[in-house]
1. Looking at Val61, Val114, which is the one that is among the hydrophobic types (A, V, I, L, M, F, W, C) and outside the structural domain of Ser138 (by TED's automatic domain parsing)?
2. Which of the residues that make up the stretch 84-125 are within 25 Å of Ala62 (Cα to Cα) and not hydrophobic (A, V, I, L, M, F, W, C)?
3. Which count do you get for residues in the stretch 13-46 that are in a helix (DSSP H, G or I) and of a type in the set (S, T, N, Q)?
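The values are calculated or read from the model by the stated rules, or taken from the named source; none is laboratory data. For clarity, every value in this text was computed on a predicted model and none was experimentally measured.
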Amino acid sequence: MTVSARTPPPALDDVSKAIIALLQQDGRRSYADIGKQVGLSEAAVRQRVQRLTESGVMQIVAVTDPLQLGFRRQAMIGVRVAGDVRPVADALAGIDAVDYVVMTAGAHDLLAEVVCEDDEALIELLHGRIRTLPGVTSTETYVYLGLRKQAYQWGVR
């Protein structure tokens with residue numbers, strides 16, 4: 001599901017923001033524990049979390065280390081497109097090895113993060129899937145050499 005296809009986000013009151021902040025610290029925290037901290041029942045917290053996830057305000061997922069799971073190559077691919085970038089963005093989003101797609105204003109029309117088993121899989125993805133998409137005029141690949149920070153706790157406003 002694309003971000004624009006989601007239902008409008010609910011108004012975020014201080015309690016919803018506190019719930020989000022607590023889940024950003026520990027996504028496995030129980031609804032009962034959250035309820036005690038924000039002054040709601042477990043059922044009320046469950047309902048709020050459900051509304052927040054269904055509307056796209058947040059996701060609760062397991063963040064993994066690709067290297068530990070056998071994916072030895074990660075890269076960000078800058079894509080230049082002739083014409084409307086949206087169909088290309090949608091096509092990229094439909095590729096399993098692509099975990100992130102964003103439309104940009106700058107040197108590239110799109111950025112796509114990919115996770116591959118090895119260099120051969122990256123080459124096949126680039127030449128067999130991405131560069132053959134209608135509208136793609138060029139790509140530039142930034143191979144990840146090391147990860148220094150990956151954070152998801154930016155808080156709420």
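1. Values: Val114 fails: outside the structural domain of Ser138 (by TED's automatic domain parsing).
Residue meeting the stated conditions: Val61.
2. Asp90, Gly94, Asp96, Asp99, Tyr100, Glu113, Glu117, Asp118
3. Initial filter on the stretch 13-46 (in a helix (DSSP H, G or I)): 14-25, 31-38, 42-46.
Keeping just the survivors that are of a type in the set (S, T, N, Q) gives 16, 24-25, 37.
Residues meeting the conditions: 4.
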